Amino acid sequence: MTSVIEERLSDLGYEIPEVAAAVAAYVPALRDGNYVYTAGQLPFVSGQLPATGKVGEGEGLVAPEQAEELARLCALNALAAARGVIGSLDKITQVVKVTAFVASDPSFTGQPGVANGASVFLGRVFGDLGIHVRSAVGVSVLPLDAPVEIEFVFKVED
């Protein structure tokens, strides 16, 4: 049986990647009752970060528009992690919470715009079920010098 959500992703030009390997002692996602919690997802593509460094405007910084795309990659990786524990993305009945961490240049205050990369993407994929609460936080550094790391909470059914 084909997943409705995976068909929608395909229609949008995306496919679910392989689950990103943990970079330390944790699992990518864990189910507890009707909720799936993901670990912080980095914007890996085929095991590599497409960009590193701080987000901001100027020479040597990751542009906010690129960081927004990296946030979308974090969401794709989160969907892969969730599918790994629930089997089908069609079991997701609500995107509950998104917490975005943005490695920010001290003058950068556009963390919500970066987080929109994930939020808008999830809305396009899940429609009303993609509406969620969110935090977008600027931090000084992230693992592997990633510009963005995002964790997700999904409500699921059996």
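The values are calculated or read from the model by the stated rules, or taken from the named source; none is laboratory data. This is a predicted model, so every value here is computed, not measured. Virtual Cβ from ideal backbone geometry, glycine too; neighbours counted across all protein chains shown. Heavy atoms of the whole protein, side chains included, go into the accessibility calculation; ligands, DNA and RNA do not. Shrake-Rupley method; radii C 1.70, N 1.55, O 1.52, S 1.80 Å.
Looking across region 2-23, the residues that are in a loop (DSSP other than H, G, I, E, B) and without any contact (Cβ under 8 Å) to a residue 60 or more places away in the chain come down to 2, 13, 15, 21, 22.
Against the list (1) surrounded by 13 or more Cβ atoms within 10 Å (Cβ to Cβ); (2) of a type in the set (Val, Ile, Thr); (3) modelled with pLDDT of 95 or more, the condition residue 4 fails is (1). Residues in region 81-106 that are surrounded by 21 or more Cβ atoms within 10 Å (Cβ to Cβ) and under 16 Å from residue 149 (Cβ atoms): 81, 98, 100, 101, 102, 103, 104. Among the residues of region 15-34, those identified as open to solvent by less than 80 Å² (accessible area, probe 1.4 Å) and either over 19 Å from residue 152 (Cα atoms) or over 15 Å from the mean Cα position of the chain (by Cα) (or both) are 23, 24, 31, 33, 34. Restricted to region 107-158, and to residues there that are under 14 Å from the mean Cα position of the chain (by Cα) and of a type in the set (Ser, Thr, Tyr), the residue that is surrounded by the fewest Cβ atoms within 10 Å (Cβ to Cβ) is 135. Per this entry, residue 65 is not counted among residues that are acidic (Asp, Glu) and not in a helix (DSSP H, G or I).
Among the residues of region 132-158, which ones are without any contact (Cβ under 8 Å) to a residue 60 or more places away in the chain and either under 24 Å from residue 15 (Cβ atoms) or small (Gly, Ala, Ser) (or both)? Selection gives 132, 135, 136, 138, 140.
Residues in region 35-56 that are β-branched (Val, Ile, Thr) and crowded, with 17+ Cβ neighbours inside 10 Å were compared, and the one that is farthest from residue 24 (Cα to Cα) is 55.
Scoring residue 36 on the criteria (1) of a type in the set (Val, Ile, Thr); (2) out of contact with any strand residue (DSSP E or B) (no Cβ under 6 Å at 6 or more places or on another chain); (3) at pLDDT 95 or above; (4) outside any helix (DSSP H, G or I) leaves a single failure, condition (2).
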